[in-house]
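To keep things clear, I will list the structure first and then write my remarks on it.
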Amino acid sequence: MDIKEKAKMLEERKLCDHCFGRQFARLGHGLENYERAWIIKERLEEGKNIEEGDIDPAKVPEKEIEKKEDCEVCEGLFKDLDKFAKRVFNALDRYELETYLVGTRIPPEITNNEEKVWAEVGRQWVEPIKSELNRLIGKKLEERLEEERNIDATVDFDRADVNAVMDIEKDHVELQVNSLLIHGFYNKYSREIPQTKWPCGNCRGKGCEECDWTGKQYKESVEELVAELVVEATKGLESKFHGAGREDIDARCLGKREFVLEILEPRKREIDLEKLQEKINNKNKDKLEVFNLEFCEKGMVERVKSRDANKTYRAVVELEEGVGKKELEKLEKLEGTVEQKTPTRVEHRRAQKTRKREVKDIRWEKTGDKELELEVKGEAGLYVKELISGDQSKTKPSVSQLIGVGAECDSLDVIDIEKPSSYKQL
């Protein structure tokens with residue numbers, strides 16, 4: 001079927017210019033579908049042949065071709081484009097955005113109407129009605145955002161700040177507000193706070209006397225201390241914290257651990273991260289410090305969470321008895337592969353398995369009659385406390401096993417976490 005033949009068949013139906021022209025949407029460039037309809041209808045009136053090259057912006061008639069009042073496909077939907085765009089515009093009123101995406105949910109009978117036309121004239125050159133509605137409502141929304149809110153927003157098909165779906169049948173707009181993601185690093189100076197919120201072990205987060213009705217095992221966490229001011233500044237709903245591993249609650253982190261803070265449903269996106277970083281650090285001086293806060297994309301979450309970085313630890317070790325230099329020299333044998341069964345302290349939440357981890361470097365200094373200071377560089381996932389105590393022979397070799405004396409980690413610090421070479425200096 002050629003263009004003219006198809007156009008003649010369509011002329012016999014009750015179609016608005018949008019629905020007529022949409023059947024030729026893949027022909028020509030720089031045209032709206034109603035303009036394609038005008039070109040084709042004019043040539044039909046004049047009895048001219050219609051070639052693909054005729055569907056050209058230069059050939060749009062100066063005077064509109066007479067429109068049909070009713071449309072058997074859209075049932076008049078295109079008369080309400082301004083109304084739909086206003087609905088979406090009003091729904092976005094509370095949100096700052098630089099990118100958006102508009103979708104529509106059309107009544108099933110409209111889709112059925114279009115399918116009936118395609119069954120007769122075919123699908124060659126067509127654009128679905130939903131695609132045209134999305135595009136035209138989006139264009140009108142863009143104009144409104146610029147004129148009424150002075151926002152130079154653009155369409156983003158991958159991950160828009162806000163996705164708006166106009167449900168035409170319900171006359172309602174559904175919004176999906178995408179998270180705001182902030183990448184950074186932290187040091188934790190307190191030995192009393194976990195990285196993320198822990199639900200109360202007694203009530204599982206519901207709130208009870210034991211947790212003072214907070215639902216939390218610990219009063220605060222790195223996540224909460226970092227997120228509090230950010231959620232406030234963005235007027236977000238809540239936050240999620242994605243860390244590149246985590247240190248024990250009683251361990252300090254001095255090696256700048258990488259993280260991504262995710263703010264859910266932010267209403268404000270234009271925030272000054274430099275000032276916010278300063279506020280966070282000033283408020284939490286003795287507890288933590290954050291560095292190099294910057295906005296990032298969704299893919300950064302997965303990269304951070306899957307990061308397997310070598311770490312260097314400093315541990316103060318308490319010995320049951322004093323040991324001499326000869327025994328301490330045996331600690332050199334720790335360098336290399338160690339086997340660690342799931343530690344006793346985490347076996348309630350970790351699978352029972354034997355892990356092989358590499359100790360890349362170990363140094364020690366005797367700091368008291370029954371005290372050592374160890375510096376251990378190890379592969380990601382190395383349990384340092386168990387490397388010291390042996391954990392009832394679940395870790396082999398261990399400090400305790402090699403020197404023949406009971407040993408326990410009194411305090412632990414993460415003093416260095418390797419970073420990708422592409423990262424700027426911290």
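Each reported figure results from applying straightforward, stated rules to the coordinates on display, with no laboratory input. Computed from a predicted model, the values in this text were never measured in an experiment. Positions of Cβ are generated from backbone atoms using ideal geometry, with glycine treated the same way; all protein chains shown enter the neighbour counts.
Under the rule of at least 5 residues apart or a separate chain, name every residue whose amide H is placed under 5 Å from the amide H of Arg191.
Placed amide hydrogens put nothing under 5 Å from Arg191.
Give me the net charge for the shell around Ile388: Cβ to Cβ below 11 angstrom, other residues only, Lys and Arg +1, Asp and Glu -1. Walk me through the numbers before you get to the answer.
Working: positive: Lys385; negative: Glu318, Glu386, Asp391, Glu408, Asp410.
Neighbour charge sum, excluding Ile388 itself: -4.
So what's the back-of-envelope 222 nm ellipticity for the chain, counting only DSSP H runs of four-plus at -39500 (n - 2.57) apiece and dividing by all residues, rounded to 500? Walk me through the intermediate numbers first.
Numbers: 12 runs with 119 residues, N = 426.
About -8000 deg cm²/dmol.
Relative contact order for region 3-59: what is it in percent, counting Cα pairs under 8 Å that are at least 6 residues apart?
Details: 57 pairs, mean separation 21.2, N = 57.
It rounds to 37 percent for region 3-59.
Between helix 273-283 and the chain, what is the angle of the helix's C-alpha long axis to the longest principal axis, kept within 0 to 90° and rounded to the nearest 10?
30
What is the sum of charges around Lys206, taking Lys and Arg as +1, Asp and Glu as -1, for the other residues whose C-beta is under 15 Å from the C-beta of Lys206? Write out the running numbers ahead of the final one.
Numbers: positive: Lys197, Arg204, Lys216; negative: Glu209, Glu210, Asp212.
Summing Lys and Arg as +1 and Asp and Glu as -1 gives 0.
Taking the Cα centre of the chain as the origin and placing charges on Cβ (Lys, Arg +1; Asp, Glu -1), which of Gly381, Asn292, Ala91 is farthest toward the positive end of the dipole?
Gly381
For the peptides 302-314, 319-331, what is the packing order when you average, over each peptide's residues, the other Cβ atoms within 10 Å and list the highest mean first? All intermediate terms of the calculation are to be shown ahead of the outcome.
Details: 302-314: 16.1, 319-331: 13.4.
In decreasing order of mean packing, 302-314, 319-331 become 302-314, 319-331.
So for the chain, averaging the separation of alpha carbon pairs under 8 Å that are six or more residues apart and normalising by length, what relative contact order in percent results?
Values: 791 pairs, mean separation 53.0, N = 426.
Worked out over the chain, it gives 12 percent.
Taking only Cα atoms and a 10 Å spring cutoff, compute GNM fluctuations for the chain and point out the largest among Trp118, Trp364, Trp198.
Highest fluctuation among the options: Trp118.
Points 7 angstrom from Cα along the Cβ direction at Glu115 and Lys14: gap in nanometres?
2.2
With a cut-off of at most 11 other beta carbons within 10 Å, and DSSP calling the residue loop, which trypsin sites (Lys or Arg not before Pro) in region 178-273 qualify? Please list them.
Details: sites: Lys188, Arg191, Lys197, Arg204, Lys206, Lys216, Lys219, Lys235, Lys240, Arg246, Arg252, Lys256, Arg257, Arg267, Lys268, Arg269; in loops: Arg191, Lys197, Arg204, Lys206, Lys219, Lys235, Arg246, Arg267, Lys268, Arg269.
Passing sites in region 178-273 are Arg204, Lys206, Lys219.
Could you tell me what percent of the DSSP beta bridges with both partners in the chain are antiparallel, to the nearest 5? Intermediate values should be presented prior to the final figure.
Numbers: 60 of 71 bridges.
Percentage antiparallel, nearest 5: 85.
Enter the Cα centre distance for the pair region 317-346 and region 260-275, rounded to the nearest angstrom.
45
What order, most packed first, do the peptides 141-150, 380-389, 24-33 have when packing is the mean number of other Cβ atoms within 10 Å of each residue? If you can, show how the numbers build up before the last one.
On the way: 141-150: 14.4, 380-389: 21.3, 24-33: 17.4.
Most protected by this proxy first, the peptides run 380-389, 24-33, 141-150.
Where does each of 285-293, 54-62, 14-22, 224-232 land if you order them by average Cβ count within 10 Å, highest first? Intermediate values should be presented prior to the final figure.
Working: 285-293: 16.2, 54-62: 13.8, 14-22: 23.7, 224-232: 19.0.
Final packing ranking: 14-22, 224-232, 285-293, 54-62.
Tell me, how many Å apart are the Cα centres for region 360-426 and for region 83-105?
A separation of 55 Å, based on Cα centres.
Residues in region 73-108, backbone N under 14 Å from the label point at Glu148 (7 Å along the Cα-to-beta-carbon vector): list them, ranges by number please.
81-95
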